[in-house]
Amino acid sequence: MTITSSPLVVSFGEMLIDFVPDVAGVSLAESSGFIKAPGGAPANVACAITKLGGKSAFIGKVGDDEFGHMLVGILKKNGVNSEGVCYDEHARTALAFVTLKKNGEREFMFYRNPSADMLLKESELKMDLIKQAKVFHYGSISLISEPCRSAHLAAMKAARAAGVLLSYDPNVRLPLWPSADAARDGIKSIWNEADFIKVSDDEVAFLTQKDPEKEDVVLSLWHDRLKLLIVTDGEKGCRYFTKSFKGKVPGFSVKTVDTTGAGDAFVGSLLVSVAKDTSIFDDEKKLREALTFANACGAICTTQKGAIPALPSSSDALALVKSKAN
């Protein structure tokens, strides 16, 4: 399949610079040096898609500064359409300091006051790009403040009107919200619009305040418009729920260095599969194959530092799937 014939996935939201300690397992205060890595979940997803041979575009805003231009350069280098990116002359590109604790889990400290991504206006949206998409993908960080929230809602509305599938990965980042309740309310405010949603087990626990292992707890997040709800369970794999079937797909055990971007690699892979063939929502065999491949992509992404540099190619993921099948 040639890349040109791949349907377009448009990813909307934030792109920023992650500063990661050059030594793993230390707190931000203990770190003596940092490595600069491009980040922001929606941008990671856009790069994950192209790395797997799909076609993606990113819509968002960065500062008209060295970091902003560097990020757009990274999108282009990764084959992501960046026509929908604007520059803000008065606000900086967002920064996040991310430390990896001994167990590979992350701790965040953000610098955005306000950052350029928060200042994207509805009038700056490239609507024709959104309307051409097969899938429109977004998170929840773009809902935190105006004018970006209104731009986000307008983009979703335009996508829905054009018959584009809506994909939501809330990507809970509590330090960015005024409070936990504000985060819960904000994330749920657009919940019922999505055609498919991916949440982690931790996010299920946060949103429901109940045990994410329990099926009835997960299903309390189901709504009538949903075609697919995915819960990722880290290295254990994922659970899937559709209107007509449900199940689990086991994950892959790898040597984890950094979990940053693993969920985005998973989502990017799944969106490539969905964009190519929407019958995946009704065909359990196809869905399980796509999720096995997505699990492999997520696992590979944890084996090196940084999100975008660690994103796997199709051949990497296929090799991991085959190695476990034997």
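The values are calculated or read from the model by the stated rules, or taken from the named source; none is laboratory data. From a predicted model like this one, the values you see are computed outputs, not experimental measurements. A quick note on method: Cβ atoms are made from the backbone with ideal geometry, for glycine too, and the neighbour counts reach across all protein chains shown. These accessible areas exclude ligands, DNA and RNA; they are computed on the full protein's heavy atoms, side chains included. Shrake-Rupley method; radii C 1.70, N 1.55, O 1.52, S 1.80 Å.
All other residues with a Cβ under 14 Å from the Cβ of M127 taken together, and with Lys, Arg as +1 and Asp, Glu as -1, what is their net charge?
The answer is +1.
Which of the peptides 108-117, 298-307 is most tightly packed, and how do the rest follow, going by the mean number of other Cβ atoms within 10 Å of each residue? Could the numbers behind the result be given before it?
Values: 108-117: 18.0, 298-307: 23.1.
So the peptides 108-117, 298-307, ranked by packing, come out 298-307, 108-117.
Considering only protein heavy atoms, what per residue accessible area in square angstrom results for the chain with a 1.4 angstrom probe? All intermediate terms of the calculation are to be shown ahead of the outcome.
On the way: 13770 Å² over 326 residues.
With all protein chains present, the chain gives 42 Å² per residue.
Mean-square fluctuation check for the chain, GNM, Cα pairs under 10 Å: which of G60, G163, G268 is largest?
G163
Take the Cα pairs of region 46-187, get the Kirkwood Rh, then feed it into Stokes-Einstein at 20 °C and 1.002 mPa s and tell me D in µm²/s. Before the final figure, lay out each step's value.
On the way: Rh = 16.1 Å.
So the translational diffusion coefficient is about 133 µm²/s.
Quick one: divide the alpha-carbon radius of gyration of region 1-94 by 2.2 N^0.38 Å and tell me what you get.
Values: Rg = 14.9 Å, N = 94, 2.2 N^0.38 = 12.4 Å.
The reported ratio for this selection is 1.21.
Give the separation of the Cα centroids, region 54-112 to region 272-309, in Å.
Rounded to whole Å, the Cα centres lie 23 Å apart.
What order, most packed first, do the peptides 185-192, 225-232 have when packing is the mean number of other Cβ atoms within 10 Å of each residue?
Details: 185-192: 15.2, 225-232: 20.0.
Averaged packing, sorted descending, gives the order 225-232, 185-192.
Pick out which of A161, A96, A262 has the largest mean-square fluctuation in a Gaussian network model of the chain, springs linking Cα atoms closer than 10 Å.
A161
Net charge around F252, counting only other residues with Cβ within less than 12 Å of its Cβ (Lys, Arg = +1; Asp, Glu = -1)?
+2
For the chain, give the percent of accessible area contributed by carbon and sulfur heavy atoms, probe 1.4 Å, rounded to a whole number. Intermediate results must be reported in sequence, preceding the final value.
Working: 7100 of 13770 Å².
C and S atoms contribute 52 percent here.
What translational D, rounded to a whole number of µm²/s, comes out for region 150-249 from Stokes-Einstein when the hydrodynamic radius is the Kirkwood one over Cα pairs, at 25 °C and 0.890 mPa s? Kindly include the intermediate steps, with their values, before the conclusion.
Working: Rh = 14.3 Å.
In µm²/s, the coefficient rounds to 171.
At a 10 angstrom cut-off on C-beta neighbours, averaged per residue, how do the peptides 137-150, 209-222 rank from highest to lowest? Can you show the working numbers first?
Values: 137-150: 21.7, 209-222: 13.8.
Highest to lowest by the protection proxy: 137-150, 209-222.
Specify which residue in the list G53, V23, G79 is farthest towards the positive end of the charge dipole of the chain, using unit charges on the beta carbon of Lys, Arg (+1) and Asp, Glu (-1), about the Cα centre.
Highest projection toward the positive end goes to G53.
Read through the labelled values (1) 38, 23, 17; (2) 30, 26, 17; (3) 26, 23, 21 and report the label of the one computed as semi-axes √(5λ) of the Cα gyration tensor in Å from the structure.
Here semi-axes √(5λ) of the Cα gyration tensor in Å agrees with entry (3).
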